[in-house]
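Worksheet for the structure shown next.
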Amino acid sequence: MTSLDLTPPAALDEPTRRVPAGWIASFAALWFAIWMAQLTPVQLLLPAQIDATLHPENWVDSVVAFGVISGIAAVATIIAYPLTGAASDRTTSRFGRRRPWIVIGAVVFAASLALLGLQTEIWGIGAAWVAASIGFCIMTAALTATISDQVPVGQRGFVSGWMSAPQAVGIIVGLLLVTELVTDQALGYVILGVALLVLMVPFLMRHDQPLAAAERTRVTAKGVIASLWISPRTHPDFGWTLLSRVLVSVGNALGTSLLLYFLMFGLGDDNAEDDLIILTLVYMVFVVAASLFGGRLSDRLGRRKAFVFVAAALQAIAALMLALVPDLSVAIVAAGILGLGYGCFLSVDQALATQVLPDAASRGKDLGIMNIATAVPQAIAPLIGAAAVVLTGSFVLVFVLSAVFAFAGAIAVSRVRSVR
(Lines give C-alpha, C1' and ligand atoms only; values in the text may rest on other atoms or scores of the structure.)
Protein backbone atom coordinates (compact mmCIF):
# COMPACT_ATOMS: atom_id res chain seq x y z
CA MET A 1 0.00 0.00 0.00
CA THR A 2 1.46 3.39 -0.98
CA SER A 3 1.06 6.62 0.94
CA LEU A 4 -1.39 7.81 -1.76
CA ASP A 5 -3.60 4.74 -1.53
CA LEU A 6 -6.86 5.83 0.10
CA THR A 7 -8.54 2.43 -0.06
CA PRO A 8 -9.54 1.34 3.47
CA PRO A 9 -7.47 -1.63 4.61
CA ALA A 10 -9.16 -4.97 5.20
CA ALA A 11 -10.29 -5.63 8.75
CA LEU A 12 -7.52 -8.17 9.37
CA ASP A 13 -4.67 -6.13 7.85
CA GLU A 14 -1.93 -4.88 10.15
CA PRO A 15 -2.59 -1.11 10.45
CA THR A 16 0.02 1.24 8.94
CA ARG A 17 -1.72 4.64 8.90
CA ARG A 18 -1.32 6.80 11.98
CA VAL A 19 -4.59 7.57 13.73
CA PRO A 20 -5.40 11.31 13.86
CA ALA A 21 -5.74 13.49 16.94
CA GLY A 22 -9.54 13.44 16.72
CA TRP A 23 -9.58 9.65 16.94
CA ILE A 24 -7.28 9.72 19.97
CA ALA A 25 -9.38 12.42 21.66
CA SER A 26 -12.64 10.48 21.28
CA PHE A 27 -10.87 7.28 22.41
CA ALA A 28 -9.51 9.02 25.52
CA ALA A 29 -12.88 10.61 26.35
CA LEU A 30 -14.61 7.24 26.24
CA TRP A 31 -11.97 5.64 28.47
CA PHE A 32 -12.38 8.54 30.91
CA ALA A 33 -16.10 7.73 31.18
CA ILE A 34 -15.44 3.99 31.48
CA TRP A 35 -12.92 4.38 34.30
CA MET A 36 -15.12 6.87 36.11
CA ALA A 37 -18.07 4.46 35.96
CA GLN A 38 -15.94 1.46 36.98
CA LEU A 39 -13.57 2.80 39.61
CA THR A 40 -15.72 5.33 41.46
CA PRO A 41 -17.91 2.47 42.74
CA VAL A 42 -14.84 0.33 43.53
CA GLN A 43 -13.04 3.10 45.42
CA LEU A 44 -15.97 4.62 47.30
CA LEU A 45 -19.61 3.99 46.39
CA LEU A 46 -19.65 0.19 46.62
CA PRO A 47 -17.74 -0.27 49.92
CA ALA A 48 -19.68 2.61 51.48
CA GLN A 49 -22.99 1.12 50.28
CA ILE A 50 -22.07 -2.31 51.64
CA ASP A 51 -21.01 -0.87 55.01
CA ALA A 52 -24.20 1.19 55.27
CA THR A 53 -26.33 -1.86 54.40
CA LEU A 54 -24.65 -4.25 56.83
CA HIS A 55 -24.06 -1.94 59.81
CA PRO A 56 -21.60 -4.56 61.11
CA GLU A 57 -20.51 -4.72 64.73
CA ASN A 58 -17.04 -5.68 63.49
CA TRP A 59 -15.65 -3.61 60.60
CA VAL A 60 -13.88 -6.69 59.20
CA ASP A 61 -17.30 -8.08 58.20
CA SER A 62 -17.77 -5.15 55.82
CA VAL A 63 -14.35 -5.72 54.24
CA VAL A 64 -15.12 -9.44 53.79
CA ALA A 65 -18.52 -8.73 52.18
CA PHE A 66 -16.88 -6.33 49.73
CA GLY A 67 -14.26 -8.96 48.94
CA VAL A 68 -16.82 -11.72 48.34
CA ILE A 69 -18.91 -9.57 45.98
CA SER A 70 -15.76 -8.57 44.10
CA GLY A 71 -14.69 -12.21 43.88
CA ILE A 72 -18.00 -13.27 42.33
CA ALA A 73 -17.67 -10.41 39.83
CA ALA A 74 -14.21 -11.74 38.98
CA VAL A 75 -15.66 -15.10 37.94
CA ALA A 76 -18.13 -13.34 35.65
CA THR A 77 -15.28 -11.29 34.19
CA ILE A 78 -13.21 -14.38 33.38
CA ILE A 79 -16.11 -15.76 31.36
CA ALA A 80 -17.33 -12.54 29.72
CA TYR A 81 -14.06 -11.09 28.47
CA PRO A 82 -12.85 -13.79 26.06
CA LEU A 83 -16.34 -14.82 24.91
CA THR A 84 -17.44 -11.31 23.99
CA GLY A 85 -14.03 -10.58 22.47
CA ALA A 86 -14.40 -13.68 20.29
CA ALA A 87 -17.91 -12.57 19.31
CA SER A 88 -16.65 -9.16 18.16
CA ASP A 89 -13.90 -10.86 16.13
CA ARG A 90 -16.59 -12.65 14.12
CA THR A 91 -19.12 -9.81 13.80
CA THR A 92 -19.86 -8.87 10.18
CA SER A 93 -22.20 -5.92 10.87
CA ARG A 94 -22.03 -3.06 8.38
CA PHE A 95 -21.29 -0.84 11.40
CA GLY A 96 -18.02 -2.71 11.97
CA ARG A 97 -16.80 -5.46 14.26
CA ARG A 98 -16.31 -3.48 17.45
CA ARG A 99 -18.91 -0.69 17.54
CA PRO A 100 -22.01 -2.87 18.07
CA TRP A 101 -20.39 -4.51 21.08
CA ILE A 102 -19.25 -1.18 22.51
CA VAL A 103 -22.89 -0.05 22.43
CA ILE A 104 -24.23 -3.29 23.93
CA GLY A 105 -21.67 -3.20 26.72
CA ALA A 106 -22.31 0.45 27.53
CA VAL A 107 -26.07 -0.06 27.80
CA VAL A 108 -25.66 -3.09 30.08
CA PHE A 109 -23.08 -1.25 32.18
CA ALA A 110 -25.11 1.96 32.58
CA ALA A 111 -28.41 0.15 33.31
CA SER A 112 -26.74 -2.04 35.92
CA LEU A 113 -25.25 0.98 37.69
CA ALA A 114 -28.68 2.59 37.86
CA LEU A 115 -30.10 -0.61 39.40
CA LEU A 116 -27.18 -0.86 41.80
CA GLY A 117 -28.02 2.48 43.35
CA LEU A 118 -31.51 1.24 44.22
CA GLN A 119 -30.43 -1.90 46.07
CA THR A 120 -30.94 -2.20 49.83
CA GLU A 121 -29.98 -5.87 50.30
CA ILE A 122 -26.51 -7.40 50.03
CA TRP A 123 -27.64 -10.00 47.44
CA GLY A 124 -29.10 -7.24 45.27
CA ILE A 125 -25.94 -5.17 45.52
CA GLY A 126 -23.90 -8.21 44.51
CA ALA A 127 -26.13 -9.13 41.56
CA ALA A 128 -26.19 -5.58 40.19
CA TRP A 129 -22.42 -5.22 40.50
CA VAL A 130 -21.84 -8.52 38.69
CA ALA A 131 -24.09 -7.30 35.86
CA ALA A 132 -22.22 -3.98 35.73
CA SER A 133 -18.92 -5.89 35.56
CA ILE A 134 -20.19 -7.94 32.61
CA GLY A 135 -21.20 -4.75 30.78
CA PHE A 136 -17.74 -3.32 31.46
CA CYS A 137 -16.15 -6.45 29.98
CA ILE A 138 -18.30 -6.46 26.84
CA MET A 139 -17.49 -2.82 26.17
CA THR A 140 -13.77 -2.84 26.89
CA ALA A 141 -13.06 -6.15 25.15
CA ALA A 142 -14.21 -4.53 21.91
CA LEU A 143 -12.64 -1.15 22.61
CA THR A 144 -9.13 -2.41 23.39
CA ALA A 145 -9.20 -4.49 20.20
CA THR A 146 -9.48 -1.26 18.20
CA ILE A 147 -5.85 -0.52 19.10
CA SER A 148 -4.66 -3.62 17.27
CA ASP A 149 -7.22 -3.04 14.50
CA GLN A 150 -6.44 0.60 13.74
CA VAL A 151 -3.24 1.84 15.45
CA PRO A 152 0.21 1.11 13.94
CA VAL A 153 2.87 -0.39 16.21
CA GLY A 154 4.92 2.80 16.29
CA GLN A 155 2.00 4.74 17.76
CA ARG A 156 0.61 2.17 20.18
CA GLY A 157 2.55 3.26 23.27
CA PHE A 158 1.26 6.82 22.95
CA VAL A 159 -2.32 5.76 22.17
CA SER A 160 -2.27 3.24 25.02
CA GLY A 161 -1.24 6.12 27.27
CA TRP A 162 -4.55 7.77 26.42
CA MET A 163 -6.27 4.57 27.47
CA SER A 164 -4.56 4.54 30.87
CA ALA A 165 -4.17 8.25 31.71
CA PRO A 166 -7.95 8.81 31.85
CA GLN A 167 -8.13 6.12 34.56
CA ALA A 168 -6.71 8.42 37.23
CA VAL A 169 -8.67 11.44 35.98
CA GLY A 170 -11.85 9.38 35.95
CA ILE A 171 -11.34 8.29 39.56
CA ILE A 172 -10.80 11.79 40.92
CA VAL A 173 -13.63 13.36 38.89
CA GLY A 174 -15.94 10.53 39.93
CA LEU A 175 -15.02 10.88 43.61
CA LEU A 176 -15.52 14.64 43.54
CA LEU A 177 -18.81 14.18 41.72
CA VAL A 178 -20.29 11.76 44.27
CA THR A 179 -18.92 13.49 47.38
CA GLU A 180 -19.12 17.19 46.57
CA LEU A 181 -21.78 17.68 43.89
CA VAL A 182 -24.20 14.80 44.45
CA THR A 183 -25.26 13.76 47.93
CA ASP A 184 -27.69 11.02 46.91
CA GLN A 185 -25.88 7.72 46.24
CA ALA A 186 -28.50 6.38 43.80
CA LEU A 187 -28.30 9.58 41.75
CA GLY A 188 -24.51 9.30 41.74
CA TYR A 189 -24.71 5.87 40.11
CA VAL A 190 -27.16 7.19 37.49
CA ILE A 191 -24.94 10.15 36.60
CA LEU A 192 -21.96 7.83 36.09
CA GLY A 193 -24.04 5.72 33.69
CA VAL A 194 -25.34 8.72 31.76
CA ALA A 195 -21.83 10.15 31.38
CA LEU A 196 -20.73 6.79 29.97
CA LEU A 197 -23.45 6.79 27.32
CA VAL A 198 -22.89 10.41 26.32
CA LEU A 199 -19.11 10.18 25.98
CA MET A 200 -19.43 7.00 23.95
CA VAL A 201 -21.07 8.86 21.04
CA PRO A 202 -18.01 10.69 19.58
CA PHE A 203 -16.04 7.43 19.29
CA LEU A 204 -18.97 5.69 17.62
CA MET A 205 -18.79 8.30 14.87
CA ARG A 206 -15.32 7.00 13.93
CA HIS A 207 -14.91 4.43 11.16
CA ASP A 208 -14.76 0.76 12.12
CA GLN A 209 -13.83 -1.40 9.12
CA PRO A 210 -16.46 -4.16 8.67
CA LEU A 211 -15.32 -7.75 8.51
CA ALA A 212 -15.88 -9.27 5.08
CA ALA A 213 -17.96 -12.43 5.07
CA ALA A 214 -15.04 -14.33 3.52
CA GLU A 215 -12.82 -13.31 6.46
CA ARG A 216 -15.23 -14.60 9.08
CA THR A 217 -14.27 -17.92 10.60
CA ARG A 218 -16.93 -20.55 11.20
CA VAL A 219 -18.35 -20.37 14.70
CA THR A 220 -18.91 -23.50 16.76
CA ALA A 221 -19.22 -23.83 20.52
CA LYS A 222 -16.34 -26.32 20.54
CA GLY A 223 -14.18 -24.01 18.45
CA VAL A 224 -14.83 -20.97 20.64
CA ILE A 225 -14.09 -22.89 23.84
CA ALA A 226 -10.94 -24.40 22.34
CA SER A 227 -9.75 -20.97 21.19
CA LEU A 228 -9.80 -19.67 24.76
CA TRP A 229 -6.69 -21.74 25.50
CA ILE A 230 -3.48 -20.21 24.15
CA SER A 231 -0.60 -22.55 24.81
CA PRO A 232 2.27 -20.83 26.65
CA ARG A 233 4.63 -23.34 25.02
CA THR A 234 3.53 -22.38 21.51
CA HIS A 235 3.23 -18.66 22.32
CA PRO A 236 5.56 -18.11 25.30
CA ASP A 237 5.75 -14.33 24.97
CA PHE A 238 1.96 -14.07 25.15
CA GLY A 239 2.06 -16.28 28.26
CA TRP A 240 4.77 -14.26 30.03
CA THR A 241 3.05 -10.97 29.18
CA LEU A 242 -0.25 -12.31 30.50
CA LEU A 243 1.37 -13.56 33.71
CA SER A 244 3.19 -10.28 34.24
CA ARG A 245 -0.01 -8.32 33.82
CA VAL A 246 -1.87 -10.56 36.29
CA LEU A 247 0.82 -10.20 38.94
CA VAL A 248 1.36 -6.44 38.61
CA SER A 249 -2.38 -5.75 38.44
CA VAL A 250 -3.04 -7.79 41.59
CA GLY A 251 -0.25 -5.85 43.30
CA ASN A 252 -1.70 -2.51 42.25
CA ALA A 253 -5.25 -3.47 43.18
CA LEU A 254 -4.13 -4.64 46.63
CA GLY A 255 -2.48 -1.27 47.10
CA THR A 256 -5.53 0.77 46.08
CA SER A 257 -8.82 -1.13 46.42
CA LEU A 258 -8.91 -1.14 50.24
CA LEU A 259 -7.66 2.43 50.71
CA LEU A 260 -10.94 3.70 52.13
CA TYR A 261 -10.98 0.92 54.72
CA PHE A 262 -7.26 1.51 55.41
CA LEU A 263 -7.91 5.16 56.17
CA MET A 264 -11.05 4.48 58.20
CA PHE A 265 -9.91 1.50 60.25
CA GLY A 266 -6.14 1.19 59.75
CA LEU A 267 -5.33 4.83 60.52
CA GLY A 268 -8.50 5.76 62.40
CA ASP A 269 -8.92 8.72 60.07
CA ASP A 270 -12.05 10.76 60.88
CA ASN A 271 -11.80 12.47 57.47
CA ALA A 272 -11.28 9.29 55.47
CA GLU A 273 -13.39 10.25 52.45
CA ASP A 274 -11.72 13.67 52.08
CA ASP A 275 -8.25 12.19 52.51
CA LEU A 276 -9.07 9.48 49.97
CA ILE A 277 -9.67 12.25 47.45
CA ILE A 278 -6.27 13.80 48.29
CA LEU A 279 -4.50 10.46 47.86
CA THR A 280 -6.33 9.84 44.61
CA LEU A 281 -5.49 13.30 43.30
CA VAL A 282 -1.77 12.74 43.94
CA TYR A 283 -2.04 9.30 42.35
CA MET A 284 -3.85 10.82 39.37
CA VAL A 285 -1.21 13.44 38.59
CA PHE A 286 1.56 10.87 38.45
CA VAL A 287 -0.48 8.29 36.53
CA VAL A 288 -1.33 10.81 33.82
CA ALA A 289 2.24 12.09 33.51
CA ALA A 290 3.78 8.61 33.48
CA SER A 291 1.20 7.21 31.04
CA LEU A 292 1.72 9.83 28.38
CA PHE A 293 5.46 10.38 28.79
CA GLY A 294 6.29 6.70 29.25
CA GLY A 295 4.19 5.59 26.30
CA ARG A 296 5.65 8.16 23.90
CA LEU A 297 9.23 7.53 25.04
CA SER A 298 8.69 3.79 24.65
CA ASP A 299 7.53 4.36 21.05
CA ARG A 300 10.57 6.49 20.24
CA LEU A 301 13.08 4.06 21.74
CA GLY A 302 11.30 1.00 20.40
CA ARG A 303 11.54 -0.61 23.83
CA ARG A 304 8.81 -2.00 26.08
CA LYS A 305 10.23 -4.48 28.61
CA ALA A 306 12.53 -2.12 30.50
CA PHE A 307 9.67 0.32 31.07
CA VAL A 308 7.36 -2.40 32.34
CA PHE A 309 10.08 -3.76 34.64
CA VAL A 310 10.82 -0.36 36.24
CA ALA A 311 7.11 0.43 36.54
CA ALA A 312 6.45 -2.79 38.44
CA ALA A 313 9.40 -2.16 40.77
CA LEU A 314 8.13 1.35 41.60
CA GLN A 315 4.74 -0.06 42.57
CA ALA A 316 6.41 -2.57 44.88
CA ILE A 317 8.41 0.18 46.59
CA ALA A 318 5.25 2.22 47.19
CA ALA A 319 3.47 -0.77 48.72
CA LEU A 320 6.40 -1.48 51.07
CA MET A 321 6.28 2.13 52.27
CA LEU A 322 2.63 1.69 53.27
CA ALA A 323 3.40 -1.62 54.98
CA LEU A 324 6.38 -0.35 56.98
CA VAL A 325 5.19 3.17 57.84
CA PRO A 326 1.35 3.29 58.00
CA ASP A 327 0.96 7.05 58.17
CA LEU A 328 -1.11 9.50 56.12
CA SER A 329 1.87 11.64 55.05
CA VAL A 330 3.77 8.53 53.96
CA ALA A 331 0.65 7.33 52.15
CA ILE A 332 0.60 10.57 50.12
CA VAL A 333 4.21 10.05 48.99
CA ALA A 334 3.50 6.38 48.26
CA ALA A 335 0.46 7.38 46.18
CA GLY A 336 2.73 9.46 43.94
CA ILE A 337 5.24 6.62 43.48
CA LEU A 338 2.45 4.11 42.90
CA GLY A 339 0.89 6.39 40.29
CA LEU A 340 4.24 6.87 38.56
CA GLY A 341 4.77 3.13 38.33
CA TYR A 342 1.25 2.13 37.38
CA GLY A 343 0.80 4.88 34.81
CA CYS A 344 3.93 3.81 32.96
CA PHE A 345 2.94 0.16 33.27
CA LEU A 346 -0.54 0.67 31.86
CA SER A 347 0.52 2.44 28.69
CA VAL A 348 3.64 0.45 27.83
CA ASP A 349 2.28 -2.96 28.83
CA GLN A 350 -0.79 -2.45 26.63
CA ALA A 351 1.48 -1.69 23.68
CA LEU A 352 3.56 -4.76 24.54
CA ALA A 353 0.43 -6.91 24.66
CA THR A 354 -0.64 -5.90 21.14
CA GLN A 355 2.77 -7.02 19.82
CA VAL A 356 2.59 -10.58 21.18
CA LEU A 357 -0.89 -11.53 19.92
CA PRO A 358 -0.91 -14.94 18.19
CA ASP A 359 -3.38 -14.22 15.35
CA ALA A 360 -4.78 -11.10 13.66
CA ALA A 361 -8.13 -12.85 13.15
CA SER A 362 -8.63 -13.24 16.90
CA ARG A 363 -7.41 -9.90 18.25
CA GLY A 364 -10.58 -9.23 20.21
CA LYS A 365 -10.60 -12.65 21.84
CA ASP A 366 -6.88 -12.61 22.60
CA LEU A 367 -7.00 -9.10 24.04
CA GLY A 368 -10.12 -10.17 25.93
CA ILE A 369 -8.00 -12.85 27.59
CA MET A 370 -5.28 -10.26 28.21
CA ASN A 371 -7.85 -7.87 29.68
CA ILE A 372 -8.84 -10.52 32.21
CA ALA A 373 -5.38 -9.95 33.66
CA THR A 374 -6.31 -6.33 34.34
CA ALA A 375 -9.97 -6.59 35.35
CA VAL A 376 -9.94 -9.76 37.47
CA PRO A 377 -7.25 -8.49 39.85
CA GLN A 378 -9.44 -5.46 40.53
CA ALA A 379 -12.17 -7.89 41.55
CA ILE A 380 -10.20 -10.52 43.47
CA ALA A 381 -7.76 -8.19 45.25
CA PRO A 382 -10.39 -7.08 47.80
CA LEU A 383 -11.03 -10.76 48.56
CA ILE A 384 -7.30 -11.46 49.02
CA GLY A 385 -6.95 -8.27 51.05
CA ALA A 386 -9.93 -9.15 53.21
CA ALA A 387 -8.40 -12.56 53.96
CA ALA A 388 -5.13 -10.87 54.93
CA VAL A 389 -6.96 -8.47 57.24
CA VAL A 390 -8.89 -11.33 58.87
CA LEU A 391 -5.67 -13.28 59.45
CA THR A 392 -3.64 -10.42 60.92
CA GLY A 393 -6.14 -7.82 62.11
CA SER A 394 -4.24 -5.11 60.24
CA PHE A 395 -3.40 -3.92 56.73
CA VAL A 396 0.35 -4.62 56.85
CA LEU A 397 0.11 -8.00 55.13
CA VAL A 398 -2.11 -6.47 52.44
CA PHE A 399 0.64 -4.08 51.37
CA VAL A 400 3.41 -6.66 51.73
CA LEU A 401 1.50 -8.93 49.35
CA SER A 402 1.07 -5.96 47.00
CA ALA A 403 4.85 -5.54 46.85
CA VAL A 404 5.48 -9.26 46.35
CA PHE A 405 3.05 -9.48 43.43
CA ALA A 406 4.50 -6.39 41.76
CA PHE A 407 8.10 -7.66 42.01
CA ALA A 408 7.03 -11.04 40.63
CA GLY A 409 5.40 -9.28 37.68
CA ALA A 410 8.63 -7.47 36.91
CA ILE A 411 10.48 -10.78 36.80
CA ALA A 412 7.86 -12.35 34.50
CA VAL A 413 8.05 -9.61 31.86
CA SER A 414 11.83 -10.01 31.67
CA ARG A 415 11.22 -13.42 30.08
CA VAL A 416 9.55 -11.96 26.95
CA ARG A 417 11.87 -12.50 23.98
CA SER A 418 10.24 -11.18 20.79
CA VAL A 419 9.83 -7.57 22.00
CA ARG A 420 12.68 -5.39 23.26
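The values are calculated or read from the model by the stated rules, or taken from the named source; none is laboratory data. Note that the structure is a prediction, hence the values are computed from the model and not measured. Glycine gets a Cβ as well: all are built from the backbone with ideal geometry, and neighbour counts include every protein chain shown. Only protein heavy atoms, including side chains, enter the accessible area calculation; ligands, DNA and RNA are left aside. Shrake-Rupley method; radii C 1.70, N 1.55, O 1.52, S 1.80 Å.
Using r as the Cβ-Cβ distance of A52 and R415, and R0 as 51 Å, what FRET efficiency do you calculate, to the nearest 0.05?
On the way: r = 46 Å, r/R0 = 0.89.
Rounded to the nearest 0.05, the efficiency is 0.65.
Cα centroids of segment 155-204 and segment 264-298: how far apart, whole angstrom?
Segment 155-204 and segment 264-298 have Cα centres spaced 16 Å from each other.
Counting only C-alpha contacts under 8 Å and six or more residues apart, can you give the relative contact order of segment 74-183 as a whole percent?
Once normalised by length, the contact order is 29 percent.
Please give the solvent-accessible surface of D61 in Å², to the nearest 10, using a probe radius of 1.4 Å with every protein chain present.
Accessible surface of D61 is approximately 80 Å².
Using a Förster radius of 22 Å, what is the FRET efficiency between D61 and E273 based on their Cβ-Cβ separation? Nearest 0.05, please. Walk me through the numbers on the way to the answer.
Numbers: r = 20 Å, r/R0 = 0.92.
Plugging the Cβ-Cβ distance into 1/(1 + (r/R0)^6) gives 0.65.
Calculate for the chain the 222 nm mean residue ellipticity that helices alone would give, adding -39,500 (n - 2.57) per DSSP H run of length 4 or more and normalising by residue count, nearest 500 deg cm²/dmol. Kindly include the intermediate steps, with their values, before the conclusion.
Details: 14 runs with 301 residues, N = 420.
Helices in the chain give a 222 nm mean residue ellipticity of -25000 deg cm²/dmol.
Can you give the accessible area of D184, probe radius 1.4 Å, in Å² rounded to 10?
In the full protein context, D184 sits at about 80 Å².
Rounded to two decimals, what is Rg over Rh for the chain when you use alpha-carbon atoms and the Kirkwood radius? Before the final figure, lay out the partial values.
Numbers: Rg = 20.4 Å, Rh = 21.3 Å.
Rg/Rh for the chain comes to 0.96.
Would you mind calculating the gained length between A25 and L324 on full extension (0.36 nm times residue separation, minus the Cα-Cα distance), in nm to one decimal?
On the way: separation 299, 0.36 × 299 = 107.64 nm, distance 4.07 nm.
Extending this stretch completely gives an extra 103.6 nm.
So how tilted is helix 328-354 from the main axis of the chain? Cα-based, degrees 0 to 90, rounded to 10.
20
Quick check: the angle from helix 396-413's long axis to the longest principal axis of the chain, C-alpha only, nearest 10 degrees?
20
How many Å³ per residue does the convex hull of the Cα positions in segment 283-420 occupy? Walk me through the numbers on the way to the answer.
On the way: hull volume 14.9 nm³, N = 138.
In segment 283-420, the Cα hull volume divided by residue count equals 108 Å³.
Run the numbers on the chain and let me know its relative contact order in percent, using alpha-carbon pairs under 8 Å that are six or more apart.
Working: 763 pairs, mean separation 118.4, N = 420.
The value is 28 percent.
If each of F95 and M205 carries a label point 7 Å out from its Cα toward its Cβ, how far apart are those two points in nm?
The two pseudo-label positions are separated by 1.6 nm.
Taking a ≥ b ≥ c as the square roots of the Cα gyration tensor eigenvalues, with a/c under 1.5 meaning rounded and otherwise prolate when a/b beats b/c, else oblate, which class fits segment 222-343?
Values: a/c = 2.65, a/b = 1.70, b/c = 1.56.
Verdict is prolate for segment 222-343.
With +1 on each Lys and Arg Cβ and -1 on each Asp and Glu Cβ, and nothing else charged, work out how big the dipole of segment 97-210 is about its Cα centre, in Debye to the nearest 20.
Working: 5 positive and 5 negative charges, 98 e Å.
In debye, rounded to 20, segment 97-210 gives about 460.
Please list F399, F32, F95 from largest to smallest accessible area, probe radius 1.4 Å, with all protein chains kept in place. Write out the running numbers ahead of the final one.
Numbers: F399 5, F32 45, F95 105 Å².
Order by accessible area, largest first: F95, F32, F399.
Which of A86, A313, A272 moves the most in a Gaussian network model of the chain with Cα springs under 10 Å?
A272
May I ask for the angle, rounded to the nearest 10°, between helix 236-256 and the longest principal axis of the chain, with both axes built from Cα atoms and the value confined to 0 to 90°?
For helix 236-256, the angle is close to 30 degrees.
Quick one: how many Å² of Y81 are accessible to a 1.4 Å probe, rounded to 10?
Y81 exposes around 10 Å² with every protein chain in place.
Among W35, W101, W23, determine the one that fluctuates most according to a GNM of the chain built with springs between C-alpha atoms less than 10 Å apart.
Among W35, W101, W23, the largest GNM mean-square fluctuation belongs to W23.
In a Gaussian network model over the chain where Cα atoms closer than 10 Å are linked, find which of W123, W162, W31 has the largest mean-square fluctuation.
W123
Among Q315, T354, T140, whose Cα projects farthest towards the positive end of the dipole of the chain, with charges put on the beta-carbon of Lys, Arg (+1) and Asp, Glu (-1)?
Positive-end residue among those listed: T354.
Give the distance, in whole Å, between the Cα centre of segment 366-420 and the Cα centre of segment 41-59.
The two parts, judged by their Cα centres, are 23 Å apart.
Using a Förster distance of 60 angstrom, determine the FRET efficiency expected from the C-beta separation of L177 and T16, and round it to 0.05. Don't skip to the answer; put the middle values down first.
Details: r = 40 Å, r/R0 = 0.67.
So the FRET efficiency works out to roughly 0.90.
With charges set only on the Cβ (+1 for Lys and Arg, -1 for Asp and Glu), what does the dipole of the chain come to about its Cα centre, in debye to the nearest 20? It would help to have the intermediate numbers written out before the result.
On the way: 24 positive and 24 negative charges, 436 e Å.
Here the chain has a charge dipole of around 2100 debye.
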